[in-house]
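Bear in mind these aren't lab numbers, they're just calculated from the coordinates by the rules spelled out. Everything quoted here is computed from the prediction, not taken from an experiment. Cβ: placed from backbone, ideal geometry, glycine included. Neighbour counts: every protein chain shown.
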Amino acid sequence: MNFIKSLFLRRFISKSSIVREHVLTSLTDAKDVGLLCEITDEQSYQEIMSLFLKLPRRGRTYWLMGYVNDKAVPFYCIQQLTADFICNKEFNWYGKPLKIQIFDFISKEFDMLIDFTNRELPAVQSILSLSHAKFIVGANKKNDQFYDLLIDSEEIFSPFSLLQQIHDYTLKLTGQHDKR
């Protein structure tokens, strides 16, 4: 059954993927930033929310989309104005989005979309493939076909370390590292 789901999802992604305007930007220069993550338990929720609330807001907007690989969003995932939490019932049987918040997130032209997931999730792949973001970055090798920049690290995965690596690499790639 998983093979069939995967086949349908790949077919949907290949037919529905959009042509995006790829614009390399540093985390420092990004004004609209999307964060995509998986919430596995209360600790992962607290970790990502801690990071989300510490991000500098000066002239920037952030939108967090937390995916829960379950039938329902747990009680501790508190919806906020710029933080949405979604679960399997917001996708069809093979991973196609169904909920309006997902479509709003997908259609937003983020300067940068950061994928914090660390395993293969059809729903997340669907969101990444349909996103209008100008620059998509992450460390999940299973999603590298959707990224403009793959952070390949041997470090133990944590959202804080990934964000620091994205900051460092994008500064280097845009030539701003020497100006610090």
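In region 1-70, which GluC sites (Glu not before Pro) fall in coil by DSSP and have 16 or fewer other Cβ atoms within 10 Å? Walk me through the numbers before you get to the answer.
Working: sites: Glu21, Glu38, Glu42, Glu47; in loops: Glu21.
In loop regions of region 1-70 (DSSP not H, G, I, E or B), the sparsely surrounded GluC sites (Glu not before Pro) are Glu21.
Region 71-167: Rg/Rh from Cα coordinates, Kirkwood Rh?
On the way: Rg = 13.7 Å, Rh = 14.3 Å.
Result: Rg/Rh = 0.96.
What list do you get for Arg20, Arg57, Arg119 if you sort them by fewest beta carbons within 10 Å? Spell out each step's value before the answer.
Details: Arg20 15, Arg57 9, Arg119 12.
Lowest count first: Arg57, Arg119, Arg20.
What is the sum of charges around Val73, taking Lys and Arg as +1, Asp and Glu as -1, for the other residues whose C-beta is under 14 Å from the C-beta of Val73? Walk me through the intermediate numbers first.
Numbers: positive: Lys71, Lys89, Lys99; negative: Glu38, Asp41, Glu42, Asp70, Asp84, Glu90.
Its environment carries a net charge of -3.
What list of ³J(HN,Hα) couplings, whole Hz, do you get for region 118-129 from phi and the Karplus terms 6.51, -1.76, 1.60, once you set θ to phi - 60° and write x for glycine and proline?
Per residue, the Karplus-derived 3J(HN,Hα) values read 10, 8, 6, 9, x, 5, 5, 4, 5, 4, 4, 5 Hz.
Using bins 5 angstrom wide from zero, how does P(r) for region 1-57 break down, in % of all Cα pairs?
Using 5 Å bins, I get a P(r) of 4, 12, 14, 13, 14, 16, 18, 7, 2 for region 1-57.
Using modelled backbone amide H atoms (1.01 Å from N, in-plane), which distant-in-sequence or interchain residues come within less than 5 Å of Cys87's amide H?
Val68
Report the residue, chosen from Lys108, Lys141, Lys71, that carries the largest GNM mean-square fluctuation when the chain is represented by alpha-carbon nodes joined by springs under 10 Å.
Lys71
Please give, to one decimal in nm, the separation of the simple spin-label points placed at Gln165 and Asp29, each 7 Å out from Cα toward the Cβ.
Roughly 2.3 nm, to one decimal.
Distance check, please: which entries in Lys5/Lys99; Lys71/Lys134; Lys96/Lys141; Lys54/Lys99; Lys89/Lys134 exceed 24 angstrom between their Cα atoms? Please report the intermediate quantities before stating the final value.
On the way: Lys5/Lys99 19 Å; Lys71/Lys134 31 Å; Lys96/Lys141 21 Å; Lys54/Lys99 28 Å; Lys89/Lys134 28 Å.
Distance filter (> 24 Å) returns Lys71/Lys134; Lys54/Lys99; Lys89/Lys134.
In nanometres, what is the gap between the two model label sites at Asp41 and Ile18, each 7 Å from Cα along Cα-to-Cβ?
My value for the distance between the label points is 3.7 nm.
Scanning the chain for chymotrypsin sites (Phe, Trp or Tyr not before Pro) in DSSP loops with at most 13 other Cβ atoms within 10 Å, what's the longest stretch left with none?
On the way: sites that count: Phe75, Tyr76, Trp93, Phe157.
The reported range is 1-74.
Would you order Cys37, Cys77 from fewest to most other beta-carbon atoms within 10 Å of each residue's own beta-carbon?
Numbers: Cys37 24, Cys77 19.
Sorted ascending by nearby Cβ count, the order is Cys77, Cys37.
Pairing the Cα long axis of helix 159-173 with the longest principal axis of the chain, what angle in degrees results, from 0 to 90 and rounded to the nearest 10?
Value to nearest ten degrees: 50.
Taking the 0 to 90 degree range and rounding to the nearest ten, how far is the long axis of helix 2-16 tilted relative to the main principal axis of the chain, both from C-alpha atoms?
Helix 2-16 sits roughly 60 degrees off the main axis of the chain.
In whole Å and largest first, what semi-axes does the C-alpha gyration tensor of the chain yield when each eigenvalue is scaled by 5 and square-rooted? If you can, show how the numbers build up before the last one.
Details: eigenvalues 127, 73, 48 Å².
Semi-axes, largest first: 25, 19, 15 Å.
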